[in-house]
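Enquirer: Here you go, one structure.
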Amino acid sequence: MSLMRSAFALALGLLLLGGCGSQSPPEEGAIFPYRWESHELPNGLGVVLVDSGYPNLVGLYEVVHVGSRNEVEPGKTGFAHLFEHMMFRGTEKYPPEKWEEVMQAAGAETNAYTSDDRTVYHALFAAEDLEKILEMEADRFQNLHYTEEIFRTETRAVLGEYNKNFANPFRKLDEALRQTSFDEHTYRHTTMGFEADVEAMPEQYEYGLQFFDRYYRPEYTTIAVVGDFDFAQAQKWIEQYWGPWKRGDYEAKIPGEPVQQGPRSVRVDFHAPTLPLVEISFKAPAYDDEIVDSAALDLISFYAFGESSELYKKLVIEQQIVDLLAPDYPDHVDPYPFGVIARVKKAEDVEKVQNEILATFEDLKQNPIPADKLEAVKSHLRYSFALGMDSTGAIADTLAHYLGLRSTPETINKRYRLYSSVTAEAIQTTAKKYFIETGRTITRLEYQAEGEAGQ
Amino acid sequence: MKIATLATLAALAAATASAQTVQTLALPGDSPLVSFRILFNTGAASDPAGKEGAAALTAAMLSRGGSAEKTYDQIIEAMFPMATSVGAQVDKEMTVFTGETHRDNLDAYYAILRGMLLEPGWRPEDFQRLKDEQLNGLRLELRSSNEEELGKELLQTEIYGPKHPYGHPDIGTGSGIESLTLDDVKAFYAANYRRGNVTVALAGGYPQEFLDKVAADFAVLPEGAPSAVEIPAPARVKKLNVRIVQKETRSTLISLGFPIDVNRAKPDWPALKVAQSYFGQHRSSKGRLFQRIRAIRGMNYGDYAYIEYFPHGMFQFQPDPNLGRQRQIFEMWIRPVTPENGLFALKLALFELHGLVEQGLSEEDFDSTKLFLSKFVNLLTQTQTLELGYALDSKYYGLPPFNGWFKEKLAGLTTEQVNEAIRKHLRSTDLNVVVITADAQGFAKALRSGAAAKPVYASPPPADVLEEDKAVAAYKLELGSVEIVPADKVFE
């Protein structure tokens with residue numbers, strides 16, 4: 001039900017926000033049907049302007065290409081997210097109260113989120129207030145200023161956030177999957193970070209300054225203005241307020257992940273009553289808008305593991321031994337596993353469910369997808385995209401997801417052309433390439449009352 | 001003569017019945033999308049005693065079970081290429097089915113939707129699946145994995161009490177759901193899904209004749225409407241009534257509130273809405289509570305206030321429409337704090353509420369909140385389906401279209417009216433508190449001891465805040481009942 005779905009969405013971060021490619025283009029023309037422009041300022045700042053066709057409102061989305069992926073140093077996990085919080089601590093010109101006042105006067109809904117690959121600050125407000133907010137936001141990105149006391153106080157809000165998520169078993173499953181599946185790459189930790197690192201955050205004031213200095217730079221940032229406004233005027237304001245921002249020179253060295261050499265598995269206990277969870281995953285490629293593999297895997301995720309799949313019908317509707325079955329393959333900048341999650345009603349059925357999922361992966365390698373099923377998935381993606389773009393906010397949310405991957409709306413059109421081009425043969429080839437035992441990780445989670453030993 | 005009269009009366013009755021047309025609400029437009037909201041004025045307040053959860057399971061059988069013509073998996077398969085589905089939301093007095101399709105697929109989608117709502121399949125296997133899901137939704141999702149929602153839902157039932165029609169969660173109770181049979185659900189449908197309590201609402205690019213056709217189709221529902229459920233005002237509790245839920249958790253969660261005699265239809269609603277927005281605008285850093293508890297003191301992730309029911313607040317920024325109720329509560333949501341700050345956070349929340357009641361809003365706060373709301377209101381109806389939902393709610397409350405109405409009311413408000421509404425409807429005593437924490441006994445003991453509560457900080461806040469902390473720590477709690485309940489007994 002809605003609660004269940006929401007809890008699941010929360011656990012998977014941005015998967016449902018536009019994650020695993022929920023979309024594809026009409027045969028004629030581009031899937032992203034809005035008038036848009038993109039520019040790069042001399043300082044490296046990416047600028048994207050989109051006319052949403054909806055009146056009155058404007059969304060300003062600032063996409064910083066920094067996420068938990070950039071947390072390469074030991075003991076500093078969770079920092080990109082902490083920094084998202086710090087960005088609300090103001091500047092000399094606009095201390096937090098003043099910032100609030102301006103946003104309030106614009107009737108704005110404001111917030112921010114951090115994922116593996118990006119940190120996004122967003123505001124949706126009355127179109128007439130665009131200049132003021134562009135000016136104030138430019139100041140925030142260039143002149144953020146806070147004391148050590150404020151920094152320490154904010155780290156406790158982050159700990160509060162960590163604690164509020166603690167009750168969600170999908171979070172724990174995600175943590176276990178990452179730690180088991182990855183050896184070197186920073187996707188090994190979640191965006192919240194390791195608990196010990198979150199606890200130690202109050203002592204990291206100096207590192208916080210360094211983090212801002214490295215990453216909050218124009219070459220790491222793309223800003224998008226979406227809605228009801230004049231492009232030329234907005235571009236002028238952006239040049240005026242964001243142009244003086246100084247380019248940096250830091251380059252993060254994200255460790256590559258060595259090829260996995262054999263199957264892995266892990267079992268974790270959960271502290272509160274929950275149904276058992278199992279996730280079967282395989283090492284898979286990064287998001288791409290030119291090479292077909294990741295797009296083909298998206299199609300597989302719907303065809304073989306979505307609500308309309310044979311497996312769903314068998315396990316959820318007919319046998320009723322599973323109450324939730326869902327693919328888990330969010331778009332990422334670097335290679336990320338392709339997973340399937342099942343929540344099993346009875347512990348004794350976990351093995352059986354696991355075997356059914358594994359058999360489905362095998363079947364994808366042996367048998368081509370029927371033509372009508374392939375067409376149904378493509379149609380689903382196309383209509384799903386159209387149905388999702390129902391407001392300025394929704395368009396901007398989807399756009400921000402893709403800007404985090406490629407910095408231009410054109411990647412959406414390219415990605416959807418790829419979806420259209422996927423053949424049954426490509427799907428089978430992709431399945432054979434990635435669904436191999438040596439790249440597999442099986443993650444299981446079960447309730448274990450305190451004091452009982454895990455098995 | 002007598003017979004003739006009876007015949008005449010019978011004929012008249014028949015004419016009335018066939019003349020009872022289905023109510024419609026139309027927002028035609030040129031969007032390629034068509035939004036449906038099929039609203040029934042019924043819900044969990046109509047659950048029969050001992051069958052709590054009947055309304056929710058009935059709606060689930062319609063929206064996520066098969067129709068007479070198609071099994072559920074056939075429905076999924078047919079919907080998949082269109083990327084459509086049917087959603088259901090059940091609250092106390094409203095049950096709404098929602099759907100959206102591209103107009104390319106309007107007829108195909110509607111044919112399925114109509115079958116689901118008007119000719120349900122009532123298959124035992126669907127019933128078993130959905131009943132399991134509902135039980136797990138209550139016991140494992142709500143109670144075990146979502147402490148914040150649990151606290152908020154428990155506050156509602158604490159305020160109304162078990163015998164009140166609002167006295168159980170919309171999803172039902174453990175024993176209520178367990179006792180439900182397929183016949184119970186069919187009976188609920190027969191009694192509560194009627195021609196007289198349905199409104200068919202459509203928005204977007206549909207042809208005019210389509211709306212007429214839908215209205216005619218829904219006229220197959222039996223005439224009449226279910227008898228109205230009386231929703232009495234809950235009794236005013238004395239002092240602070242604290243329910244502590246003992247649960248394996250690493251933090252302490254607090255919800256508190258009391259019933260208010262104000263819903264959207266009442267004259268004081270716009271004024272109270274301004275007060276609520278100022279005090280605790282949902283998921284916004286601008287609210288007073290957020291500023292004092294999170295921003296300045298870093299005690300938790302956020303702190304908000306409400307005058308209308310707002311479920312699933314941790315997952316969304318805006319409320320869903322079609323949660324219309326005759327009665328509402330004033331609620332404060334204090335997000336998880338570390339256990340050592342639990343008692344202090346409760347005192348701080350009440351201290352702030354006391355301050356609001358005593359001092360109200362300044363002219364400046366009033367002006368800025370009014371300006372904010374007058375623009376923010378456009379965000380509430382950003383999409384076609386939200387606009388349709390708000391239109392249905394305005395109809396329920398007997399109001400003009402929401403945005404225009406609210407802006408007009410805002411324009412006419414004064415600071416004094418807002419502060420008058422605060423004094424009249426809000427209070428900082430005689431209320432219910434729900435606390436979820438691992439050391440329930442310890443919390444109860446600290447509460448009863450009347451000891452001052454000392455906050456623990458990562459970094460001391462400014463001197464004026466530390467000074468205020470002394471007053472907060474000394475803030476006296478007038479205790480009524482303090483009771484502990486283990487988490488697995490909640491909503492059974």
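The values are calculated or read from the model by the stated rules, or taken from the named source; none is laboratory data. Since the model is a prediction, treat every value here as computed from it, not as a measurement. Don't worry about glycine lacking a Cβ; one is built from the backbone with ideal geometry, like all the others, and counts go over all protein chains shown.
Enquirer: Quick test of your reading of the structure: A:ALA304 fulfils all but one of (1) away from every other protein chain (no Cβ under 12 Å); (2) farther than 16 Å from A:THR443 by Cα; (3) touching an Asp or Glu at 6+ places or on another chain (Cβ under 7 Å). Name the failing condition by number.
Expert: Answer for A:ALA304: the failing condition is (3).
Enquirer: All but one of (1) at pLDDT 95 or above; (2) surrounded by fewer than 24 Cβ atoms within 10 Å (Cβ to Cβ); (3) part of a helix (DSSP H, G or I) hold for A:ASP334; which doesn't?
Expert: The single condition A:ASP334 does not satisfy is (3).
Enquirer: Which residues, taken from region B:408-433, are assigned to a loop (DSSP other than H, G, I, E, B) and surrounded by fewer than 14 Cβ atoms within 10 Å (Cβ to Cβ)?
Expert: Once the filter is applied, which keeps residues that are assigned to a loop (DSSP other than H, G, I, E, B) and surrounded by fewer than 14 Cβ atoms within 10 Å (Cβ to Cβ), region B:408-433 yields only B:THR414.
Enquirer: Just one of A:GLU251, A:GLU203 is within 14 Å of chain B (Cβ to nearest Cβ) and either crowded, with 19+ Cβ neighbours inside 10 Å or modelled with pLDDT under 95 (or both); which is it?
Expert: A:GLU203
Enquirer: Only one of B:ASP303, B:ASP320 is under 26 Å from the mean Cα position of the chain (by Cα), acidic (Asp, Glu) and surrounded by fewer than 22 Cβ atoms within 10 Å (Cβ to Cβ). Can you tell me which?
Expert: B:ASP320
Enquirer: When region A:289-317 is examined, which residues are found to be of a type in the set (D, E, K, R), over 23 Å from A:LYS345 (Cβ atoms) and either buried (at least 21 other Cβ atoms within 10 Å of the Cβ) or out of contact with any Leu (no Cβ under 8 Å at 6 or more places or on another chain) (or both)?
Expert: A:ASP293, A:ASP298 - these are the residues of region A:289-317 that are of a type in the set (D, E, K, R), over 23 Å from A:LYS345 (Cβ atoms) and either buried (at least 21 other Cβ atoms within 10 Å of the Cβ) or out of contact with any Leu (no Cβ under 8 Å at 6 or more places or on another chain) (or both).
Enquirer: Quick one: which helices (runs of 4 or more DSSP H) lie wholly within region B:114-216 and hold at least 3 residues that are assigned by TED's automatic domain parsing to the domain that holds B:VAL34 and of a type in the set (Gly, Ala, Ser)?
Expert: B:174-179, B:182-192
Enquirer: Right, here's the next one. Which residues, counting only those in region A:190-213, are part of a helix (DSSP H, G or I) and over 22 Å from the mean Cα position of the chain (by Cα)?
Expert: Once the filter is applied, which keeps residues that are part of a helix (DSSP H, G or I) and over 22 Å from the mean Cα position of the chain (by Cα), region A:190-213 yields A:ALA196, A:GLU199, A:MET201, A:PRO202, A:GLU203, A:TYR205, A:GLU206, A:TYR207, A:GLY208, A:LEU209, A:GLN210, A:ASP213.
This table checks each residue for (1) in contact (Cβ under 8 Å) with a residue 40 or more places away in the chain; (2) within 11 Å of chain A (Cβ to nearest Cβ); (3) within 12 Å of B:THR58 (Cβ to Cβ); (4) acidic (Asp, Glu).
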{"site": "B:LEU140", "(1), (2), (3), (4)": "no, yes, no, no"}
{"site": "B:GLU148", "(1), (2), (3), (4)": "yes, yes, no, yes"}
{"site": "B:ILE159", "(1), (2), (3), (4)": "yes, no, no, no"}
{"site": "B:LYS163", "(1), (2), (3), (4)": "no, no, no, no"}
{"site": "B:HIS168", "(1), (2), (3), (4)": "yes, no, no, no"}
{"site": "B:ILE171", "(1), (2), (3), (4)": "yes, yes, no, no"}
{"site": "B:PHE188", "(1), (2), (3), (4)": "yes, no, yes, no"}
{"site": "B:ASN192", "(1), (2), (3), (4)": "yes, no, yes, no"}
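Enquirer: Suppose we keep only residues that are facing another protein chain (nearest Cβ under 10 Å) and more than 28 Å from A:GLU318 (Cβ to Cβ) within region B:95-130. Which one would you say is surrounded by the most Cβ atoms within 10 Å (Cβ to Cβ)?
Expert: If we take residues in region B:95-130 being facing another protein chain (nearest Cβ under 10 Å) and more than 28 Å from A:GLU318 (Cβ to Cβ), then B:GLU100 is surrounded by the most Cβ atoms within 10 Å (Cβ to Cβ).
Enquirer: Hey, among B:GLU153, B:GLU133, which residue is within 11 Å of chain A (Cβ to nearest Cβ) and touching an Asp or Glu at 6+ places or on another chain (Cβ under 6 Å)?
Expert: Just one listed residue meets the conditions, B:GLU133.
Enquirer: Here is a check on your reading of the model: is A:PHE229 assigned to a helix (DSSP H, G or I), farther than 15 Å from A:GLY78 by Cα and modelled with pLDDT of 95 or more?
Expert: Answer is no for this residue.
Enquirer: So, A:LEU124, is that one in contact with a strand residue (DSSP E or B) (Cβ under 6 Å, 6 or more places away or on another chain), modelled with pLDDT of 95 or more and within 12 Å of chain B (Cβ to nearest Cβ) or not?
Expert: In short, yes.
Enquirer: Of the residues that make up region A:141-155, is at least one at pLDDT 95 or above, crowded, with 21+ Cβ neighbours inside 10 Å and touching an Asp or Glu at 6+ places or on another chain (Cβ under 8 Å)?
Expert: Looking through region A:141-155, at least one residue is at pLDDT 95 or above, crowded, with 21+ Cβ neighbours inside 10 Å and touching an Asp or Glu at 6+ places or on another chain (Cβ under 8 Å).
Enquirer: Let me ask another. Residues to consider are B:GLY280, B:GLY298; find the one that is modelled with pLDDT of 95 or more, buried (at least 23 other Cβ atoms within 10 Å of the Cβ) and not assigned by TED's automatic domain parsing to the domain that holds B:PRO169.
Expert: After applying the criteria, what remains is B:GLY280.
Enquirer: With the requirement that a residue be of a type in the set (A, V, I, L, M), within 23 Å of A:TYR61 (Cβ to Cβ) and part of a helix (DSSP H, G or I), what does region A:136-150 give you?
Expert: A:MET136, A:ALA138
Enquirer: Return yes or no: is B:ASP464 modelled with pLDDT of 95 or more and closer than 24 Å to B:ALA345 by Cβ?
Expert: Yes: the conditions hold for B:ASP464.
Enquirer: So which pairs qualify, if the first residue must be in region A:424-449 and in a strand (DSSP E or B), the second must be among the aromatic types (Phe, Trp, Tyr), the Cβ gap must be under 9 Å, and the two must be at least 6 apart or on different chains?
Expert: A:ARG440/A:PHE282; A:ARG440/A:PHE361; A:THR441/A:PHE282; A:LEU445/A:PHE170; A:LEU445/A:PHE270; A:GLU446/A:PHE270; A:TYR447/A:PHE270
Enquirer: I've got another one for you. Which of the following residues is modelled with pLDDT under 95, not assigned by TED's automatic domain parsing to the domain that holds A:GLN179 and not in a loop (DSSP other than H, G, I, E, B): A:ALA453, A:ALA386, A:ALA400?
Expert: Criteria check complete, one pass: A:ALA386.
Enquirer: To continue, here is another question. Could you count how many residues in region A:160-174 are closer than 16 Å to B:GLU248 by Cβ and at the interface with another protein chain (Cβ under 7 Å from one of its Cβ atoms)?
Expert: Matching residues across region A:160-174 total 6.
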